[in-house]
């Protein structure tokens with residue numbers, strides 16, 4: 001009954017984040033004072049009981065948007081559907097407890113493929129200590145998985161995107177850009193496979209980056225070691241859409257600017273090799289590639305020594321807001337970082 | 001990388017409920033003793049704090065499977081996406097508190113249509129006392145909404161599907177089959193609209209059944225009046241897939257049979273009129289139509305007087321399990337009720 005009439009603003013016109021802002025306006029502010037944090041962080045935060053918060057996050061993986069079945073085995077897809085949500089829980093400095101899943105299944109999917117999918121889901125649940133407590137399965141034209149994860153965190157341990165201050169160190173865990181490098185390798189090998197009968201893909205040379213794409217590992221290990229070390233980030237987000245968009249989220253919500261050092265970005269040797277082979281820039285993989293599921297956080301300079309064990313890298317510093325979000329290049333030049341990470345409504 | 005090979009069992013071969021059983025087996029039993037009830041009821045039940053349980057449910061609405069955009073205005077779709085989940089919460093005798101939503105949006109959807117969708121979501125959240133705390137929005141070829149609702153209930157008030165005993169009354173709220181009657185009217189009017197330019201649909205004659213299809217009202221009112229009356233059902237489920245499948249769920253999980261009386265089914269006058277016009281049987285609308293979002297429950301005969309205010313109807317009695325699930329017709333004959341409610345993987 002709705003038609004394309006005069007009032008047809010395409011979603012690309014406002015973008016993914018513009019759309020979220022508009023929907024937030026329609027929903028209005030919550031009057032429920034048990035809701036500590038609603039829409040706008042990696043997960044919602046709700047008071048659970050004395051001293052404990054519950055966190056809730058939802059993330060969907062949709063065929064043709066987030067994955068292609070031709071390069072994503074079903075077991076890996078199942079694992080990833082849980083892992084991306086666990087990463088959002090880690091980004092609140094919280095721990096996952098329960099999951100529910102809604103799966104939409106086309107006719108081209110067999111019962112055996114569903115069993116592979118669920119074996120990956122179970123593997124991820126076992127790895128990160130979750131229990132799958134419910135689900136909904138329906139038919140559809142596109143395979144899609146929507147997972148909700150509920151976690152928990154002590155009130156004094158929760159960390160939001162807001163909270164960074166000028167002078168805090170901007171830090172990132174692991175390495176960046178490798179998941180995107182893995183995607184490039186998988187797509188190239190698929191094309192080669194389609195062109196040559198009997199072609200055996202050579203993924204070994206790039207096993208690390210391919211693994212980063214197919215089986216992302218959310219950094220629950222850091223949430224645990226940080227707590228043991230008495231370290232609490234000042235602001236925290238996971239790197240799902242690329243560093244460029246995540247640093248902007250933290251800066252906007254913290255009321256800060258940031259200055260990142262290009263030569264400080266942690267890049268894996270295989271990521272650099274893939275970039276060379278594709279005649280591309282590994283730093284753009286880090287900024288715009290997405291899906292690394294590492295943690296970007298703000299740390300007080302004095303606190304950094306508590307966690308300086310090689311698992312995290314200082315990539316810059318938070319600044320006054322009027323300095324914007326910038327990157328210093330290898331020759332000392334400053335460039336603005338655009339806020340566009342990977343956006344699903346582009347193009 | 002998965003191919004259709006020797007091991008390709010189509011999902012239609014095992015059916016929606018067979019598939020759920022297989023996936024349950026892959027996931028295994030939970031070791032978490034905070035999980036009171038996992039997969040297999042209307043909602044999962046988790047211990048929240050002393051004396052309180054949390055309930056969690058997820059339900060998706062997918063274009064072309066659960067709705068057609070041509071007969072489902074966006075605002076109604078938004079309302080319904082919340083309502084169907086609230087109904088699952090009501091089916092645990094619980095109250096909804098929070099929701100998260102994952103929306104997959106094709107390019108043919110405008111920002112204005114999304115605003116209509118969210119205004120319906122907000123309307124339902126306001127009506128049933130929920131707060132929308134988070135969401136995920138992505139592109140897709142099919143419009144789909146997956147909503148997770150978290151609710152709560154006092155430990156002593158929770159009701160499961162299991163719990164009916166032989167001799168308990170089988171009761172249902174409101175009337176049955178009207179949502180399906182509404183769907184038939186909407187589809188017929190759409191065809192007429194497509195065939196005649198300038199055709200104005202005449203939905204007034206069938207306003208009640210059309211409303212039941214477009215804006216289902218989960219029976220939170222009964223959860224509240226039952227508590228005030230000191231009534232607690234022995235077993236409880238919502239009627240989303242049709243009475244035939246729901247009565248089987250209750251019987252299977254309670255270890256009972258049931259004998260329903262065909263002439264006791266509550267049917268709205270408009271439902272009977274639609275059935276007559278379509279030369280169909282309104283009782284089959286009630287048994288197999290689905291989407292009524294009423295409550296089916298077991299009540300001790302002595303308790304029924306507490307709630308006998310016209311809002312609920314006794315449609316039969318629970319029996320010993322070896323009597324199966326049967327219906328007594330108008331001439332006294334007994335027929336078996338098949339367990340097939342509306343199943344999305346049929347045909």
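Bear in mind that the values in this text are calculations on the coordinates, not laboratory data. All values derive from a computational prediction rather than experimental measurement. Neighbour counts are summed over all protein chains in view; Cβ atoms, including those assigned to glycine, are modelled from backbone coordinates with ideal geometry.
From least to most packed, judged by other beta carbons within 10 angstrom and beginning with the fewest, B:97, A:273 follow the order A:273, B:97. Averaged over peptide B:45-52, the number of partner chain Cβ atoms lying within 10 Å of each residue's Cβ comes to 2. Relative contact order of chain A, taken over Cα pairs closer than 8 Å and 6 or more residues apart, is 21 percent. The antiparallel fraction among DSSP beta bridges confined to segment A:1-118 stands at about 80%. A simple packing score, the average count of other Cβ atoms within 10 Å per residue, orders the peptides A:115-125, A:172-182, A:33-43 as A:172-182, A:115-125, A:33-43, with the highest score first. Taking a ≥ b ≥ c as the square roots of the eigenvalues of the alpha-carbon gyration tensor, segment B:1-86 is classed oblate because a/c is 1.5 or more while a/b is no larger than b/c. Legend: translational diffusion of chain A by Stokes-Einstein, Rh = Kirkwood radius over C-alpha pairs, 10 °C, 1.306 mPa s; D = 75 µm²/s. Here is how far apart the residue A:329 label points are across copies: 8.4 nm, shortest first, using a point 7 Å from Cα toward Cβ.
Taking the DSSP beta bridges with both ends in chain B, the antiparallel portion is around 75 percent. Reported to the nearest whole Å, the Cα centre-to-centre distance from segment A:233-250 to segment B:125-202 is 37. Using C-alpha pairs below 8 Å separated by at least 6 residues, the relative contact order for segment B:32-157 is 37 percent. Only Cα pairs under 8 Å and 6+ residues apart enter the sum, and on that basis the relative contact order of segment B:169-336 stands at 41 percent.
Prolate is the label for the protein assembly as shown, because the ratio a/c of its alpha-carbon gyration tensor axes (a ≥ b ≥ c) is 1.5 or higher and a/b is greater than b/c. Size descriptors for segment B:200-284: radius of gyration and Dmax over Cα atoms are 16.1, 51 Å. Here the peptides B:331-337, A:67-73 are ranked by packing, the mean other Cβ count within 10 Å, and the order with the highest first is A:67-73, B:331-337. Counting Cβ atoms of other protein chains within 10 Å of each Cβ in A:118-126 and taking the mean gives 2.
Copy-to-copy label distances for residue A:33, where each label lies 7 Å from Cα along Cα-to-Cβ, are 3.6 nm in order of increasing length.
Fewest neighbouring Cβ atoms within 10 Å first, the residues A:291, B:294 line up as A:291, B:294. Over the protein assembly as shown, what is the percentage of antiparallel beta bridges among all DSSP beta bridges, to the nearest 5? Looking only at bridges with both residues in the protein assembly as shown, the antiparallel portion is about 80 percent. For peptide B:93-106, the mean count of partner chain Cβ atoms within 10 Å of a residue's Cβ comes to 5. Listed peptides B:254-263, B:98-107 appear in the order B:98-107, B:254-263 once ranked by packing, highest mean of other Cβ atoms within 10 Å at the front. Rounded to the nearest whole angstrom, the semi-axes of the ellipsoid equivalent to segment A:11-157, taken from the Cα gyration tensor as √(5λ), stand at 28, 21, 12, largest first. Put in order of Cβ neighbour count within 10 Å, fewest first, the listed residues B:80, A:184 become A:184, B:80.
With its label point put 7 Å out from Cα toward Cβ, residue A:187 sits 4.1 nm from the same residue's point in the other copies, in order from shortest.
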